[in-house]
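Below is one structure, written out as structure tokens; the observations come after it.
Coordinate-derived values only; no laboratory data. Small disclaimer: the values here were computed from a predicted structure and weren't measured. So basically every Cβ, Gly included, is an ideal-geometry build from the backbone, and we count neighbours across all protein chains shown.
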Amino acid sequence: MSDPILKAVNLTKRYGKVVALDHCDFELYPGEILGVIGDNGAGKSTLIKALSGAVVPDGGEVWLEGQKVSFGSPNDARHAGIETVYQTLAVSPALSITDNLFMGRELRQPGIMGKVFRRLDKARMEEFARQKLNDLGLMTIQNINQPVETLSGGQRQGVAVARAAAFGSKVIILDEPTAALGVKESRRVLELIKDVRARGIPIILISHNMPHVFEVCDRVHVHRLGKRLCVIDPKTHSMSDAVAYMTGAKEPDQHLEDA
Amino acid sequence: MAETPDNYESGLKDASQNVASFDSADTSVVTRIQGALHKTPSLVPLIVLVCAIMIFTGWLGPRFLPQMTLVFQQIQIVGILALAQTLVILTAGIDLSVGAIAVFCSVIMGQFTFRYGLPPAVAVACGLAAGAAIGAVSGWLVTRVRIPPFIATLGVWQIVLAANYIYSKNETIRARDIREEAPMLQWLGLKPNEQFVTWFETLRGITYERIRPNDTDQFLLDLIWQTKITYGVLVMIGLTIVLAYVLRSTAWGRHVYAVGDDPEAAELAGVNVKRTLMSVYMLAGLIAAIAGWSMIGRFASVSPSASTGLEGNIESITAVVIGGISLFGGRGSIWGAFFGAVIVGVFMLGLGMAGVNPQWTFMLIGTLIIVAVAIDQWIRKVTT
């Protein structure tokens, strides 16, 4: 196998006395979809936040494409090409879809209007936003400038996923992307995940939804008690195996731990 | 081996292909009004303003309408302060110190000129810089020390006001001294319309013995002459236009709204929340200092005990709230604050001209505040 595109070694994070990450290792290989599953409180979210810059780990290292990186903020990670869709979606309800899509990387008009008067190029941003939402099958949004708070939960999620898919160049992290979605919308998101992989961008998918994880993922990272318990292949393991591992009902075979 | 999937998604085959479209058939008049107000929050204060002007014109007769220019002069200080306040309130904060900053900066402008003999232009620049610096202190307290804005600016308010009295030794600089030695300090009180008429008439060789009478045979010039516009009023209107543009059409403006809406979401989405907040407090301090400069124009003198130091904060918050800007942040437009300030001015002047007990003004304004917030809550229901 080639070298991992994103790798973490010995990540540690404590919140007071609670150890959220306990010398955790992590690897993501180019072009794959890696599922991350684990019980509530296993430390999945902290792991993801450490990889995306939202949490600065107390110890350990993160490597991106063979380079050691340390992200001080989500923006650092985004500049490095890692996009994250958070569970909370991180959208501003009162702002429009376009505003949200381009938050923090707005396009300015060319020439003097953009340089001196810092005027935003709304037409270009709207055009881009509309196209990205069409890719996601969210074309029934009537108005690209409607505030996000007037959208349904699924549509909001669509906006957040579209934002990551539009800008992620190296790694896309999806934290529970289908949690708030109906069957139909979930299907669209899963198709989108496969599309993104087809474009060669690896994805980390955190989910409690076993059928979704087992359908799209190439490998599944099982997280337990703040560290990686094992990595399993969804083709050779069943969902009930995975659930047994992550809840501690069953110990994985020794050879899996090196996977 | 994976379990036999239940294949629950097969039911999707014949499903409609629309994703989450919604039925917007519910278009009763009330819903539509609610929607329009949600999109354009400054509509409410504008409607209130127009109604107030119409009612007072009907009540007091045609003598009220020409007084509107006087309203602008009377509200210019509170109006400019309200613009500063709006910026802070949009970030879900509050700035109790804007009035004190205005007074202190006007004192700095005056004392730097008269105590240290600096050129007035330098003194004005120092005053504006001091305003931004005090704003930076508030911003630092809010972003780095993590003191809630209410508490941080409550402290800064007292400190600045005390510093103002101590530094000025409670001395007033008289209007006459300023007029004779440093007229630039009073520049915002000058009337460009009168300057224009004088310039135009001098050009044509018309001079008057003392002051120009209001009625000459030149109708147009008379009209311009009687329009009571000052540079201070123009600065207030100009600032509103500039801020409206910045908030609407630049990335920084969008970030201000995002930070007020949900700071965590903004941070995760890539906004530098601390830097945005810092710039907002500094800009608010700078605008408050401009209000201080316009105070010298309005009152002609520099007085450390001007009532703005105590009342400016509350009056600016009143204008902002009446202007439909949400105290919870992220909602409202700068025009709302502008209209809010004008509404207060119209009530003050109208009820004053009608000769009723001035307490009625405060009762009306109090009612208006509560109604404005109630409307804000109602508009927000669009979201649920």
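Worth a mention:
- In percent, rounded to a whole number, the relative contact order of the range A:193-246 is 26, using alpha-carbon pairs under 8 Å and six or more apart.
- By other beta-carbon atoms within 10 Å, ranking A:SER2, B:SER294, B:SER326, A:SER207 with the fewest at the front produces A:SER2, A:SER207, B:SER326, B:SER294.
- Crossing angle, helix B:120-143 versus chain B [Cα axis fit, 0-90 degrees, rounded to tens]: 30 degrees
- Which of B:MET278, B:MET295 has the fewest Cβ neighbours within 10 Å, and the rest in rising order: B:MET278, B:MET295
- Working from Cα pairs under 8 Å separated by at least six residues, relative contact order for chain A is 25 percent.
- Set of aspartates and glutamates with alpha-carbon distance to A:LYS17 below 18 Å, sequence-local pairs under 8 removed: A:ASP58
- Among B:MET363, B:MET353, B:MET236, residue whose mean-square fluctuation peaks in a GNM of chain B (springs only between Cα atoms under 10 Å): B:MET363
- Considering only A:VAL55, A:PHE71, A:ALA90, the residue lying farthest towards the positive end of the dipole of the range A:39-112 is A:ALA90, judged by Cα position with unit charges set on Cβ.
- Taking Cα atoms only, the orientation of helix A:183-198 departs from the longest principal axis of chain A by about 90 degrees.
- Checking the Cα-Cα distances for A:LYS13/A:LYS132; A:LYS132/A:LYS170; A:LYS13/A:LYS250 against a 30 Å cut-off, the pairs over it are A:LYS13/A:LYS132.
- Placing +1 on the Cβ of every Lys and Arg and -1 on the Cβ of every Asp and Glu, with no other charges, gives the protein assembly as shown a dipole of roughly 1560 debye about its Cα centre.
- Put in line by how crowded their Cβ is, counting other Cβ atoms within 10 Å and starting with the fewest, B:GLU209, B:GLU201 read B:GLU209, B:GLU201.
- Within straight-line cross-link reach of A:LYS115, lysines at Cα separation under 26 Å, skipping those fewer than 8 residues along the same chain: B:LYS274
- In degrees, nearest ten, helix A:122-135 long axis to first principal axis of chain A (Cα): 40 degrees
- 16 Å Cα-Cα reach of B:LYS381 towards aspartates and glutamates, excluding residues that sit fewer than 8 places from it in its own chain: A:GLU149, B:ASP26, B:ASP261
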